[in-house]
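Report on the structure given below.
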Amino acid sequence: MARRFRVGLTGGIASGKSTVANLFAALGATLVDTDLLAREVVAPGSALLSEISRHFGADVLQADGGLDRAKLRERVFADPAERRWLEQLTHPAIRALTDQRCESATGPYVIVAIPLLVETAAEDRFDRVLVVDCEPGLQVARLQARDGATRAQAARMLAAQATREQRLALADDVIHNDGDIAALRDQVEKLHRRYTAAASAQSDS
């Protein structure tokens with residue numbers, strides 16, 4: 001069976017990745033969201049969750065046995081070594097589950113929403129890299145409106161990620177999300193036609 005045509009969808013925080021991903025899904029593309037897979041691999045009863053609780057202690061677990069993501073985030077962002085340990089544990093499992101979901105996809109091609117595509121050097125795993133881009137000032141305003149973040153908090157969130165220039169340097173395609181939903185939908189529809197054609201050509205070869 002031919003390998004599924006995969007588009008890696010990424011972008012900075014509050015750039016509009018989820019909106020773009022959902023527009024592609026509405027057109028029939030299969031959507032694989034790595035944020036959801038990251039939760040799945042550490043679900044209650046999973047081997048990875050046991051490893052995490054052994055390493056960090058039971059205080060990173062909630063009363064129901066699930067992972068307390070906020071507490072774990074505090075721990076790993078305060079200590080780069082702990083963050084690397086966690087990534088080395090979870091990233092291979094997330095990659096394996098991503099591959100599994102891609103190969104069982106029913107759409108003409110797969111959109112893989114992967115916020116840390118640049119940070120994890122994952123670009124070679126995709127046929128195309130699509131970056132959702134907007135002005136950093138707009139990201140800050142959206143974070144303030146969405147999360148109630150202060151301007152300083154929003155700026156720190158942006159600084160913790162890959163830079164806009166790093167993302168754009170890896171992009172095969174760019175969606176500009178500085179306008180309204182109609183402009184966004186138009187860009188998605190054009191790329192959907194292009195990806196559908198490319199996926200069809202790949203499966204025929």
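Rule-based calculations on the coordinates, nothing more; no lab input. Note that this is a predicted model, so its numbers are computed, not measured. All Cβ positions, glycine included, derive from the backbone under ideal geometry; neighbour counts span all protein chains shown.
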Next on the checklist: Give me log10 I(q)/I(0) at q = 0.11, 0.13, 0.21 Å⁻¹ for region 39-104, Debye formula, one equal scatterer per alpha-carbon, no solvent.
Outcome noted: -0.26, -0.37, -0.87
Checklist entry - Which value, to two decimals, describes the C-alpha radius of gyration of the chain once divided by 2.2 N^0.38 Å? => result 1.09
Checklist outcome for this item: Whole-Hz Karplus couplings 3J(HN,Hα) for region 13-21, θ = phi - 60° and coefficients 6.51, -1.76, 1.60, Gly and Pro as x, run 4, 6, 7, x, 4, 5, 4, 5, 4
Checklist entry - Which semi-axis lengths, in whole Å and largest first, follow from the square roots of five times the eigenvalues of the Cα gyration tensor of region 122-173? => result 26, 11, 9
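When a/c is below 1.5 the answer is rounded, else prolate if a/b is larger than b/c, else oblate, so apply that to region 82-204 with a ≥ b ≥ c taken from the square roots of the Cα gyration tensor eigenvalues.
Oblate is the answer for region 82-204, as a/c is 1.5 or above yet b/c matches or exceeds a/b.
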Checklist outcome for this item: Listed with the fewest Cβ neighbours within 10 Å leading, S203, S50 appear as S50, S203
Checklist entry - Which whole-number percent gives the relative contact order of the chain, counting Cα pairs below 8 Å spaced six or more residues apart? => result 37
Item to check | DSSP beta bridge pairing in the chain, given as percent antiparallel to the nearest 5 | outcome: 5
Checklist entry - Within a Cβ distance under 13 Å of S15, other residues only, what is the Lys/Arg minus Asp/Glu net charge? => result +2
Checklist entry - Hey, what did region 39-104 get for relative contact order, percent, Cα under 8 Å, at least 6 apart? => result 26
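What is the sum of charges around T120, taking Lys and Arg as +1, Asp and Glu as -1, for the other residues whose C-beta is under 10 Å from the C-beta of T120?
Computed value for this residue: -1.
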Checklist entry - Along the charge dipole of region 39-104, which of P92, A81, S46 sits closest to the positive end, that is, farthest toward it, with unit charges on the beta carbon of Lys, Arg, Asp and Glu (+1, +1, -1, -1)? => result A81
Checklist entry - What residues from region 162-182 fall in the zone where the backbone N is under 18 Å from a label point 7 Å along the Cα-to-C-beta line of E135? => result 164-165, 175-181
Checklist entry - In whole Hz, what ³J(HN,Hα) sequence does region 22-37 give by Karplus (6.51, -1.76, 1.60; θ = phi - 60°), x for Gly and Pro? => result 5, 5, 5, 4, 5, 8, x, 5, 7, 9, 10, 9, 5, 5, 5, 5
Next on the checklist: Give me a comma-separated list of calculated 3J(HN,Hα) values for region 44-61, in order, Karplus coefficients 6.51, -1.76, 1.60 applied at θ = phi - 60°, integers in Hz, x for any Gly or Pro.
Outcome noted: x, x, 7, 4, 5, 5, 4, 4, 5, 5, 5, 6, 9, x, 5, 6, 8, 9
Checklist entry - D68 to S50: extension gain in nm, 0.36 nm per residue of separation minus the Cα-Cα distance? => result 5.2 nm
Item to check | Check: region 1-159 dipole with +1 on Lys, Arg Cβ and -1 on Asp, Glu Cβ, in debye | outcome: 180
Checklist outcome for this item: Taking placed amide H atoms and a strict 5 Å upper bound, the residues 5 or more places from L116 or on another chain that come that close are none
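What size of dipole, in debye to the nearest 20, comes out for region 65-174 about its Cα centre when the only charges are +1 on Lys and Arg C-beta atoms and -1 on Asp and Glu C-beta atoms?
Computed charge dipole of region 65-174: roughly 500 debye.
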Next on the checklist: Explain nothing, just the number: dipole magnitude of region 39-104 about its Cα centre with +1 on each Lys and Arg Cβ and -1 on each Asp and Glu Cβ, in debye rounded to the nearest 20.
Outcome noted: 100
Checklist entry - Using a simple spin-label model with points 7 Å from Cα along the Cα→Cβ vector, what separation in nm is obtained for R95 and F77? => result 2.6
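Per residue of the chain, what 222 nm ellipticity follows from adding -39500 (n - 2.57) for every DSSP H run with n ≥ 4, rounded to the nearest 500?
Values: 9 runs with 113 residues, N = 205.
Value at 222 nm, helices only, nearest 500: -17500 deg cm²/dmol.
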